[in-house]
1. Measuring from label point to label point, each 7 Å out along Cα→Cβ, what is the L351 to L265 span in nm?
2. Quick one: 3J(HN,Hα) in Hz for the range 151-164, Karplus 6.51/-1.76/1.60 with θ = phi - 60°, rounded, Gly and Pro as x.
3. Along the range 357-363, what does the Karplus equation 6.51 cos²θ - 1.76 cosθ + 1.60 (θ = phi - 60°) give for ³J(HN,Hα), rounded to whole Hz, x for Gly and Pro?
4. Roughly how many debye, to the nearest 20, is the charge dipole of the chain about its Cα centre, given +1 on each Lys and Arg Cβ, -1 on each Asp and Glu Cβ, and no other charges?
5. Excluding A32 itself, what net charge comes from residues whose Cβ is under 9 Å from its Cβ, given Lys and Arg +1 and Asp and Glu -1?
6. For R79, R322, R213, what's the largest-to-smallest order of accessible area, 1.4 Å probe?
7. Give me the percent of accessible area attributable to carbon and sulfur for the chain, probe 1.4 angstrom.
8. Set Lys and Arg Cβ to +1 and Asp and Glu Cβ to -1, take the dipole of the range 1-76 about its Cα centre, and tell me which of I35, P7, L56 lies farthest positive.
Amino acid sequence: MSTVRLPLREGAWWLHPAWTAMLATVPGLLAAGLIGDDSFREWWRTPKVFDDGKALTVTAFIGVFVVGCMLPSLARTVRAGDIPVNPGQRRLLLLAGRAAAVLTVTGYAAWMASAVSSGLSLADLTKVFSLSPGSADAIKSDLATIGGVTTLTQLGPLAMVCLLLDRRLGGGRHTAMFALLAGLTVARVVLNSERLALMEIMLPILAVVSTLRPGDGRRHYRWLWAGLPLLAPFALVMLFGTFEYVRSWSHYSSIVHIDYPEFVLRRLTGYYATAYNNSAIVVDHIGPGLAWPYYTVGFLWNFPGVSALLTPESVLGFDPARVWPGLLWRLGNPEYNNTGGMLAPLADYGLAGGLLFWAAAGLAVGVCYRWMRSGELRGLVLYPLLYVGLVDLVRYFYWGEGRAFPTLAGAMFLALLVHRRRDPGMKT
(Lines give C-alpha, C1' and ligand atoms only; values in the text may rest on other atoms or scores of the structure.)
Protein backbone atom coordinates (compact mmCIF):
# COMPACT_ATOMS: atom_id res chain seq x y z
CA MET A 1 0.00 0.00 0.00
CA SER A 2 1.11 3.53 -0.72
CA THR A 3 0.18 6.84 0.85
CA VAL A 4 -3.39 7.90 0.03
CA ARG A 5 -4.54 11.52 0.11
CA LEU A 6 -7.98 12.45 1.41
CA PRO A 7 -9.10 15.64 -0.36
CA LEU A 8 -10.50 18.37 1.88
CA ARG A 9 -13.82 19.97 1.05
CA GLU A 10 -14.37 23.72 0.75
CA GLY A 11 -17.57 25.52 1.65
CA ALA A 12 -18.50 24.07 5.05
CA TRP A 13 -17.69 27.31 6.91
CA TRP A 14 -20.07 26.36 9.73
CA LEU A 15 -17.86 23.42 10.68
CA HIS A 16 -15.42 25.85 12.31
CA PRO A 17 -15.93 25.57 16.10
CA ALA A 18 -16.51 29.31 16.50
CA TRP A 19 -19.44 29.29 14.08
CA THR A 20 -20.86 26.04 15.42
CA ALA A 21 -20.70 27.33 18.99
CA MET A 22 -22.58 30.52 18.10
CA LEU A 23 -25.21 28.68 16.04
CA ALA A 24 -25.71 26.21 18.90
CA THR A 25 -25.89 28.66 21.81
CA VAL A 26 -27.26 32.01 20.64
CA PRO A 27 -30.81 30.94 19.58
CA GLY A 28 -31.43 29.28 22.95
CA LEU A 29 -29.98 32.27 24.76
CA LEU A 30 -32.35 34.59 22.91
CA ALA A 31 -35.29 32.34 23.78
CA ALA A 32 -34.32 32.17 27.46
CA GLY A 33 -33.74 35.90 27.60
CA LEU A 34 -36.77 37.15 25.67
CA ILE A 35 -39.50 34.73 26.77
CA GLY A 36 -41.14 36.05 29.92
CA ASP A 37 -41.98 34.43 33.22
CA ASP A 38 -45.66 34.00 32.32
CA SER A 39 -44.81 31.98 29.20
CA PHE A 40 -42.22 29.92 31.12
CA ARG A 41 -44.92 28.98 33.60
CA GLU A 42 -47.59 28.31 30.96
CA TRP A 43 -45.51 26.42 28.43
CA TRP A 44 -43.02 24.58 30.63
CA ARG A 45 -44.55 24.86 34.12
CA THR A 46 -41.47 26.48 35.68
CA PRO A 47 -40.78 29.97 36.99
CA LYS A 48 -38.13 31.96 35.14
CA VAL A 49 -34.97 32.51 37.20
CA PHE A 50 -32.58 33.19 34.32
CA ASP A 51 -32.08 36.93 34.69
CA ASP A 52 -30.16 39.62 32.77
CA GLY A 53 -27.03 39.06 34.86
CA LYS A 54 -26.89 35.38 33.93
CA ALA A 55 -27.57 36.27 30.28
CA LEU A 56 -24.64 38.69 30.33
CA THR A 57 -22.40 36.03 31.87
CA VAL A 58 -23.37 33.49 29.21
CA THR A 59 -22.69 36.08 26.51
CA ALA A 60 -19.22 36.67 27.96
CA PHE A 61 -18.55 32.92 28.10
CA ILE A 62 -19.61 32.49 24.48
CA GLY A 63 -17.39 35.41 23.52
CA VAL A 64 -14.20 34.09 25.15
CA PHE A 65 -14.88 30.59 23.81
CA VAL A 66 -15.24 31.94 20.27
CA VAL A 67 -12.04 33.99 20.63
CA GLY A 68 -10.23 30.87 21.86
CA CYS A 69 -11.50 28.92 18.85
CA MET A 70 -10.36 31.66 16.45
CA LEU A 71 -6.80 32.10 17.75
CA PRO A 72 -5.29 28.91 16.22
CA SER A 73 -6.83 29.80 12.85
CA LEU A 74 -4.98 33.14 12.89
CA ALA A 75 -1.57 31.44 12.95
CA ARG A 76 0.28 31.58 9.65
CA THR A 77 0.03 28.19 8.03
CA VAL A 78 -0.46 26.80 4.55
CA ARG A 79 -4.08 25.69 4.15
CA ALA A 80 -3.87 22.09 3.00
CA GLY A 81 -5.85 20.69 0.12
CA ASP A 82 -5.74 17.13 1.39
CA ILE A 83 -4.73 14.88 4.29
CA PRO A 84 -2.02 12.28 3.51
CA VAL A 85 -2.49 8.87 5.15
CA ASN A 86 0.33 6.34 4.96
CA PRO A 87 -0.05 2.53 5.18
CA GLY A 88 0.86 2.40 8.89
CA GLN A 89 -1.79 4.98 9.71
CA ARG A 90 -4.35 3.14 7.59
CA ARG A 91 -3.72 -0.09 9.50
CA LEU A 92 -4.14 1.74 12.81
CA LEU A 93 -7.47 3.24 11.72
CA LEU A 94 -8.81 -0.13 10.58
CA LEU A 95 -7.64 -1.92 13.73
CA ALA A 96 -9.10 0.78 15.98
CA GLY A 97 -12.39 0.77 14.07
CA ARG A 98 -12.80 -2.99 14.29
CA ALA A 99 -11.82 -3.13 17.96
CA ALA A 100 -14.18 -0.29 18.88
CA ALA A 101 -17.00 -1.91 16.91
CA VAL A 102 -16.54 -5.29 18.64
CA LEU A 103 -16.46 -3.63 22.06
CA THR A 104 -19.57 -1.60 21.22
CA VAL A 105 -21.56 -4.67 20.17
CA THR A 106 -20.32 -6.49 23.29
CA GLY A 107 -21.59 -3.64 25.44
CA TYR A 108 -25.00 -3.72 23.79
CA ALA A 109 -25.19 -7.50 24.15
CA ALA A 110 -24.40 -7.27 27.87
CA TRP A 111 -26.94 -4.49 28.29
CA MET A 112 -29.68 -6.49 26.58
CA ALA A 113 -28.81 -9.64 28.52
CA SER A 114 -29.09 -7.68 31.76
CA ALA A 115 -32.45 -6.25 30.65
CA VAL A 116 -33.83 -9.69 29.80
CA SER A 117 -32.70 -11.04 33.18
CA SER A 118 -34.52 -8.09 34.80
CA GLY A 119 -37.79 -9.04 33.11
CA LEU A 120 -37.73 -7.42 29.67
CA SER A 121 -39.74 -9.55 27.25
CA LEU A 122 -40.38 -9.69 23.52
CA ALA A 123 -43.93 -8.49 24.18
CA ASP A 124 -42.55 -5.37 25.87
CA LEU A 125 -40.35 -4.63 22.88
CA THR A 126 -43.25 -5.14 20.50
CA LYS A 127 -45.34 -2.60 22.41
CA VAL A 128 -42.60 0.01 22.28
CA PHE A 129 -41.89 -0.35 18.56
CA SER A 130 -45.61 -0.33 17.80
CA LEU A 131 -45.76 3.10 19.52
CA SER A 132 -48.03 1.91 22.31
CA PRO A 133 -48.67 4.81 24.76
CA GLY A 134 -46.52 4.63 27.90
CA SER A 135 -44.69 1.48 26.78
CA ALA A 136 -41.25 3.13 26.69
CA ASP A 137 -41.54 4.42 30.25
CA ALA A 138 -42.69 1.00 31.48
CA ILE A 139 -39.45 -0.76 30.50
CA LYS A 140 -36.92 1.84 31.64
CA SER A 141 -36.34 0.10 34.97
CA ASP A 142 -35.31 -3.05 33.05
CA LEU A 143 -32.70 -1.13 31.07
CA ALA A 144 -30.44 -0.30 34.01
CA THR A 145 -26.81 0.19 32.98
CA ILE A 146 -23.90 -1.96 34.15
CA GLY A 147 -20.97 0.16 35.30
CA GLY A 148 -17.88 -0.39 33.14
CA VAL A 149 -19.69 -2.79 30.79
CA THR A 150 -22.53 -0.91 29.10
CA THR A 151 -20.07 2.01 28.94
CA LEU A 152 -18.54 0.09 26.03
CA THR A 153 -21.52 1.11 23.92
CA GLN A 154 -20.05 4.63 23.93
CA LEU A 155 -17.23 3.48 21.64
CA GLY A 156 -19.72 3.33 18.77
CA PRO A 157 -18.96 6.87 17.49
CA LEU A 158 -15.22 6.14 17.40
CA ALA A 159 -15.89 2.92 15.50
CA MET A 160 -18.05 4.73 12.95
CA VAL A 161 -15.43 7.45 12.33
CA CYS A 162 -12.54 4.99 11.94
CA LEU A 163 -14.44 2.64 9.64
CA LEU A 164 -15.75 5.54 7.56
CA LEU A 165 -12.20 6.85 7.12
CA ASP A 166 -11.02 3.36 6.14
CA ARG A 167 -13.81 3.23 3.56
CA ARG A 168 -12.75 6.61 2.16
CA LEU A 169 -9.18 5.35 1.98
CA GLY A 170 -10.20 2.49 -0.29
CA GLY A 171 -10.50 -0.20 2.36
CA GLY A 172 -13.59 -2.27 3.05
CA ARG A 173 -17.11 -0.90 2.69
CA HIS A 174 -18.09 -2.05 6.21
CA THR A 175 -21.77 -1.87 5.24
CA ALA A 176 -22.90 -4.63 7.60
CA MET A 177 -21.13 -3.08 10.61
CA PHE A 178 -22.48 0.39 9.82
CA ALA A 179 -26.00 -1.06 9.62
CA LEU A 180 -25.56 -3.01 12.87
CA LEU A 181 -24.23 -0.03 14.83
CA ALA A 182 -26.91 2.27 13.44
CA GLY A 183 -29.66 -0.25 14.21
CA LEU A 184 -28.48 -0.73 17.79
CA THR A 185 -28.34 3.03 18.26
CA VAL A 186 -31.87 3.57 16.94
CA ALA A 187 -33.14 0.78 19.20
CA ARG A 188 -31.46 2.50 22.13
CA VAL A 189 -33.04 5.82 21.23
CA VAL A 190 -36.52 4.31 21.07
CA LEU A 191 -36.28 1.97 24.07
CA ASN A 192 -34.35 4.25 26.40
CA SER A 193 -35.63 7.65 25.17
CA GLU A 194 -32.01 8.61 24.54
CA ARG A 195 -31.85 10.95 21.55
CA LEU A 196 -28.29 11.95 22.45
CA ALA A 197 -27.13 8.47 21.42
CA LEU A 198 -28.30 9.19 17.88
CA MET A 199 -26.51 12.56 17.87
CA GLU A 200 -23.32 10.84 19.02
CA ILE A 201 -23.41 8.72 15.88
CA MET A 202 -24.78 11.19 13.33
CA LEU A 203 -22.77 14.33 14.16
CA PRO A 204 -19.28 12.79 13.81
CA ILE A 205 -20.32 11.27 10.48
CA LEU A 206 -21.64 14.65 9.36
CA ALA A 207 -18.36 16.28 10.37
CA VAL A 208 -16.28 13.74 8.42
CA VAL A 209 -18.44 13.95 5.31
CA SER A 210 -18.46 17.76 5.49
CA THR A 211 -14.67 17.83 5.82
CA LEU A 212 -13.69 15.37 3.10
CA ARG A 213 -14.47 15.84 -0.57
CA PRO A 214 -15.31 12.69 -2.57
CA GLY A 215 -12.20 11.44 -4.30
CA ASP A 216 -13.96 9.66 -7.15
CA GLY A 217 -14.27 12.66 -9.44
CA ARG A 218 -17.83 13.56 -8.52
CA ARG A 219 -18.73 17.24 -8.78
CA HIS A 220 -18.22 19.25 -5.60
CA TYR A 221 -21.16 21.58 -4.89
CA ARG A 222 -19.51 24.14 -2.62
CA TRP A 223 -22.62 26.34 -2.45
CA LEU A 224 -24.69 23.41 -1.20
CA TRP A 225 -22.40 22.78 1.76
CA ALA A 226 -22.20 26.48 2.52
CA GLY A 227 -25.99 26.65 2.79
CA LEU A 228 -26.45 23.48 4.83
CA PRO A 229 -27.16 25.37 8.12
CA LEU A 230 -30.36 26.67 6.52
CA LEU A 231 -31.68 23.11 6.55
CA ALA A 232 -30.51 22.33 10.08
CA PRO A 233 -33.54 23.81 11.91
CA PHE A 234 -35.95 21.79 9.77
CA ALA A 235 -33.94 18.60 10.28
CA LEU A 236 -33.82 19.22 14.04
CA VAL A 237 -37.58 19.76 14.27
CA MET A 238 -38.34 16.68 12.17
CA LEU A 239 -35.96 14.45 14.14
CA PHE A 240 -37.13 15.78 17.50
CA GLY A 241 -40.79 15.48 16.52
CA THR A 242 -40.39 11.89 15.35
CA PHE A 243 -39.04 10.63 18.65
CA GLU A 244 -41.12 12.95 20.83
CA TYR A 245 -44.27 11.34 19.46
CA VAL A 246 -43.30 8.13 21.25
CA ARG A 247 -41.74 9.82 24.24
CA SER A 248 -44.36 12.33 25.39
CA TRP A 249 -47.19 12.98 22.92
CA SER A 250 -49.00 9.81 23.93
CA HIS A 251 -49.39 11.40 27.37
CA TYR A 252 -49.94 15.05 26.47
CA SER A 253 -52.29 14.57 23.53
CA SER A 254 -55.23 14.26 25.93
CA ILE A 255 -54.09 17.15 28.14
CA VAL A 256 -52.94 20.06 25.96
CA HIS A 257 -55.23 21.86 23.53
CA ILE A 258 -52.77 22.54 20.73
CA ASP A 259 -51.90 20.56 17.63
CA TYR A 260 -48.81 18.38 17.40
CA PRO A 261 -46.57 20.77 15.37
CA GLU A 262 -47.06 23.56 17.92
CA PHE A 263 -46.47 21.09 20.75
CA VAL A 264 -43.17 20.01 19.15
CA LEU A 265 -41.97 23.60 18.68
CA ARG A 266 -42.83 24.57 22.24
CA ARG A 267 -41.22 21.48 23.71
CA LEU A 268 -38.09 21.78 21.56
CA THR A 269 -37.66 25.43 22.53
CA GLY A 270 -38.25 24.40 26.12
CA TYR A 271 -35.33 21.98 26.14
CA TYR A 272 -32.94 24.85 25.41
CA ALA A 273 -34.64 27.68 27.28
CA THR A 274 -35.09 25.61 30.45
CA ALA A 275 -31.47 24.39 30.20
CA TYR A 276 -30.34 27.99 30.62
CA ASN A 277 -32.94 28.45 33.34
CA ASN A 278 -31.84 25.30 35.16
CA SER A 279 -28.20 26.35 34.95
CA ALA A 280 -29.14 29.50 36.85
CA ILE A 281 -30.70 27.30 39.56
CA VAL A 282 -27.50 25.26 39.73
CA VAL A 283 -25.32 28.35 40.05
CA ASP A 284 -27.49 29.93 42.74
CA HIS A 285 -28.29 26.87 44.85
CA ILE A 286 -25.55 24.28 44.28
CA GLY A 287 -22.56 26.30 43.07
CA PRO A 288 -21.93 28.03 46.45
CA GLY A 289 -21.38 24.64 48.10
CA LEU A 290 -18.89 23.28 45.56
CA ALA A 291 -15.43 23.28 47.11
CA TRP A 292 -14.19 21.21 44.15
CA PRO A 293 -15.32 21.10 40.47
CA TYR A 294 -18.25 18.83 39.78
CA TYR A 295 -20.18 19.65 36.59
CA THR A 296 -17.23 20.05 34.22
CA VAL A 297 -15.50 16.84 35.40
CA GLY A 298 -18.47 14.54 35.85
CA PHE A 299 -16.52 11.60 34.40
CA LEU A 300 -14.13 11.67 37.37
CA TRP A 301 -16.91 11.37 39.94
CA ASN A 302 -18.36 8.36 38.07
CA PHE A 303 -15.11 6.69 37.04
CA PRO A 304 -15.05 2.97 37.98
CA GLY A 305 -13.02 2.49 41.16
CA VAL A 306 -12.58 6.19 41.85
CA SER A 307 -16.28 6.70 42.47
CA ALA A 308 -16.18 4.08 45.24
CA LEU A 309 -13.32 5.82 47.05
CA LEU A 310 -14.05 9.50 46.47
CA THR A 311 -17.78 10.09 46.69
CA PRO A 312 -19.30 13.57 46.42
CA GLU A 313 -20.50 13.24 50.02
CA SER A 314 -16.99 12.56 51.33
CA VAL A 315 -15.34 15.33 49.29
CA LEU A 316 -18.03 18.00 48.89
CA GLY A 317 -20.16 17.21 51.91
CA PHE A 318 -23.20 16.53 49.72
CA ASP A 319 -24.11 14.91 46.41
CA PRO A 320 -25.32 17.46 43.80
CA ALA A 321 -27.00 14.64 41.85
CA ARG A 322 -29.18 13.84 44.86
CA VAL A 323 -29.95 17.49 45.59
CA TRP A 324 -30.90 18.29 42.00
CA PRO A 325 -34.27 16.44 41.79
CA GLY A 326 -35.54 18.25 44.87
CA LEU A 327 -34.50 21.62 43.45
CA LEU A 328 -36.32 20.82 40.21
CA TRP A 329 -39.52 20.01 42.08
CA ARG A 330 -39.33 23.30 44.00
CA LEU A 331 -37.89 25.69 41.41
CA GLY A 332 -38.21 24.03 38.02
CA ASN A 333 -39.87 21.14 36.20
CA PRO A 334 -38.52 17.56 36.52
CA GLU A 335 -39.46 16.90 32.88
CA TYR A 336 -36.79 19.39 31.80
CA ASN A 337 -33.91 18.17 33.93
CA ASN A 338 -30.80 19.26 31.99
CA THR A 339 -28.43 21.18 34.25
CA GLY A 340 -27.14 23.37 31.43
CA GLY A 341 -23.66 23.56 29.96
CA MET A 342 -22.69 27.19 29.47
CA LEU A 343 -22.87 28.13 33.15
CA ALA A 344 -21.35 24.88 34.45
CA PRO A 345 -17.86 26.46 34.76
CA LEU A 346 -19.42 29.35 36.70
CA ALA A 347 -20.72 26.89 39.29
CA ASP A 348 -17.39 25.04 39.41
CA TYR A 349 -14.82 27.85 39.20
CA GLY A 350 -16.55 31.20 39.67
CA LEU A 351 -16.69 34.04 37.14
CA ALA A 352 -12.96 34.53 36.57
CA GLY A 353 -12.32 30.79 36.51
CA GLY A 354 -15.25 30.29 34.15
CA LEU A 355 -13.89 32.83 31.69
CA LEU A 356 -10.46 31.15 31.73
CA PHE A 357 -12.07 27.71 31.41
CA TRP A 358 -14.09 28.61 28.31
CA ALA A 359 -11.13 30.40 26.73
CA ALA A 360 -8.95 27.31 27.25
CA ALA A 361 -11.69 24.98 25.97
CA GLY A 362 -12.11 27.11 22.86
CA LEU A 363 -8.36 27.13 22.27
CA ALA A 364 -8.15 23.33 22.57
CA VAL A 365 -11.02 22.74 20.15
CA GLY A 366 -9.64 25.38 17.79
CA VAL A 367 -6.26 23.66 17.73
CA CYS A 368 -7.90 20.34 16.79
CA TYR A 369 -9.79 22.05 13.97
CA ARG A 370 -6.59 23.71 12.73
CA TRP A 371 -4.81 20.35 12.71
CA MET A 372 -7.58 18.95 10.54
CA ARG A 373 -7.68 21.85 8.08
CA SER A 374 -3.88 21.97 7.82
CA GLY A 375 -3.74 18.36 6.66
CA GLU A 376 -3.03 16.40 9.83
CA LEU A 377 -4.75 13.06 10.38
CA ARG A 378 -4.85 13.50 14.17
CA GLY A 379 -7.22 16.43 13.68
CA LEU A 380 -9.50 14.36 11.46
CA VAL A 381 -9.65 11.67 14.16
CA LEU A 382 -10.33 14.05 17.05
CA TYR A 383 -12.45 16.90 15.75
CA PRO A 384 -15.51 14.96 14.49
CA LEU A 385 -15.88 13.38 17.93
CA LEU A 386 -15.45 16.71 19.72
CA TYR A 387 -18.13 18.13 17.45
CA VAL A 388 -20.90 16.43 19.45
CA GLY A 389 -20.06 18.54 22.48
CA LEU A 390 -19.99 21.69 20.39
CA VAL A 391 -23.53 21.20 19.13
CA ASP A 392 -24.91 20.43 22.60
CA LEU A 393 -23.18 23.14 24.64
CA VAL A 394 -26.49 24.51 25.93
CA ARG A 395 -27.98 21.46 27.63
CA TYR A 396 -24.92 20.17 29.52
CA PHE A 397 -21.14 20.11 29.37
CA TYR A 398 -20.92 16.97 27.24
CA TRP A 399 -17.11 16.78 27.11
CA GLY A 400 -17.00 16.29 30.89
CA GLU A 401 -19.70 13.61 30.99
CA GLY A 402 -18.91 10.00 31.83
CA ARG A 403 -20.56 8.85 28.60
CA ALA A 404 -18.15 10.97 26.54
CA PHE A 405 -15.00 9.74 28.28
CA PRO A 406 -14.52 6.37 26.46
CA THR A 407 -14.89 7.92 23.01
CA LEU A 408 -12.75 10.99 23.67
CA ALA A 409 -10.05 9.03 25.53
CA GLY A 410 -9.91 6.47 22.72
CA ALA A 411 -9.81 9.22 20.08
CA MET A 412 -6.96 11.06 21.85
CA PHE A 413 -4.94 7.86 22.16
CA LEU A 414 -5.53 7.00 18.49
CA ALA A 415 -4.68 10.56 17.43
CA LEU A 416 -1.36 10.27 19.27
CA LEU A 417 -0.57 6.95 17.57
CA VAL A 418 -1.41 8.08 14.03
CA HIS A 419 0.59 11.28 14.53
CA ARG A 420 3.64 9.27 15.57
CA ARG A 421 3.21 7.12 12.45
CA ARG A 422 3.22 10.12 10.11
CA ASP A 423 5.76 10.19 7.29
CA PRO A 424 9.15 11.81 8.07
CA GLY A 425 9.25 15.46 7.06
CA MET A 426 5.53 16.11 7.57
CA LYS A 427 4.79 19.32 9.49
CA THR A 428 3.66 18.97 13.10
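The values are calculated or read from the model by the stated rules, or taken from the named source; none is laboratory data. Please read these numbers as outputs of a predicted model, since none were measured by experiment. Don't worry about glycine lacking a Cβ; one is built from the backbone with ideal geometry, like all the others, and counts go over all protein chains shown. Side chains included, ligands, DNA and RNA excluded: accessible areas come from the protein's heavy atoms. Shrake-Rupley method; radii C 1.70, N 1.55, O 1.52, S 1.80 Å.
1. Taking the simple label geometry, L351 and L265 are separated by 3.7 nm.
2. Ordered by residue, 3J(HN,Hα) equals 4, 4, 4, 6, 7, x, x, 5, 4, 4, 5, 5, 5, 5 Hz.
3. Karplus values, whole Hz, x for Gly and Pro: 4, 5, 5, 5, 4, x, 5.
4. 1880
5. Around A32, the surrounding residues sum to +2.
6. From most exposed to least exposed: R322, R79, R213.
7. For the chain, the apolar C and S fraction of the accessible surface comes to 66 percent.
8. Value: P7.
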